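Each reported figure results from applying straightforward, stated rules to the coordinates on display, with no laboratory input. As the structure is a computational prediction, the values presented were derived from the model and not from experiment. Virtual Cβ from ideal backbone geometry, glycine too; neighbours counted across all protein chains shown.
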């Protein structure tokens, strides 16, 4: 196997010889940085359905952007903020459980996207596929700049609201007693999650971004304790998934975004299996 017989040819040369692979690597690492730090809170708070809903909730904005000829990233962000606002309003003014409210908005936004695109799908199928499934090997310098800005905003938001997020995650009553404004913190987390989803669609697509939001942080929680450690390990595991996924895609002509996501999921399942075997041996 070339991966072992000629490691430089398999692991290094694709990035040295191809500019698009270097751009893809940078884009993937920026996406991982964004999704890992925000995804850690998603996993710890047990709101993975919220991440899935937001990943699909941006689709109406993308559909409108395609129809009117505007930047789909801007349309996606507007739709994400609209969904965040809707979730927050229903959370504050409805007696329904939060997941029920999210489910209703999720279905409504997805249906709206289908309605908007139903009369124009033939004209925009290429752009729509790029948004849904990603096109990491086609990113350019403008895409990288947007991702870098999104990563900086996400990191800054997590740092500023770290204490509020931490207390709110484990004891919302305590957060209120400490006057950490859990409702504001929840809204900020939704905004950061929206930024992560929108910024990552060029890399892994809106349908697969949940894999990077959930798989690396979930794997990290099985390996280490403490939120900073989980974020760090999640980022490393996500980076490994990007590198290995890109190389597998390059050498075997598979879809890069799906391959990277699949590697992240395989790492998670392998970790679960190894832990189960280890625990059974110890007992």
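List of remarks:
- Residue exposure sequence - 168, 177, 70, 21 - by fewest surrounding Cβ within 10 Å: 177, 70, 21, 168
- Residue order, fewest to most beta carbons within 10 Å, for 260, 117: 117, 260
- Cα gyration tensor category, rounded, prolate or oblate, for region 14-65 with a/c compared to 1.5: oblate
- Region 222-280: equivalent-ellipsoid semi-axes (sqrt of 5 x gyration tensor eigenvalues, Cα, Å): 25, 15, 7
- Extension gain (nm, one decimal) between residue 222 and residue 99, 0.36 nm per residue minus Cα-Cα: 41.8 nm
- The slack in the chain from residue 67 to residue 269, taken as 0.36 nm per residue of separation less the alpha-carbon distance, amounts to 68.7 nm.
- Mean separation of Cα contacts under 8 Å (6+ apart) over length of region 154-248, as relative contact order %: 17
- Under the criterion of Cα pairs below 8 Å and six or more residues apart, the relative contact order for the chain equals 28 percent.
- Extension gain (nm, one decimal) between residue 20 and residue 236, 0.36 nm per residue minus Cα-Cα: 75.5 nm
- Computed packing ranks the peptides 272-278, 155-161 as 155-161, 272-278, most packed first, by mean other Cβ atoms within 10 Å.
- Here the residues 221, 9, ranked from fewest to most Cβ neighbours within 10 Å of their Cβ, fall in the order 9, 221.
- Modelled this way, with points 7 Å down the Cα-to-C-beta line, the labels at residue 132 and residue 92 are 3.6 nm from one another.
- Calculated P(r) tail over 33 Å for the chain, as whole % of Cα pairs: 24
- Label point distance in nm, residue 111-residue 181, each placed 7 Å from Cα along Cα→Cβ: 3.6
- Shape category assigned to region 190-236 from the gyration tensor of Cα positions, a/c cut at 1.5: prolate
- Reducing region 173-216 and region 38-87 to their Cα centroids gives an inter-centroid distance of 10 Å.
- Within the chain, helix-based [θ] at 222 nm, where runs of 4 or more DSSP H residues each add -39,500 (n - 2.57), nearest 500: -28000 deg cm²/dmol
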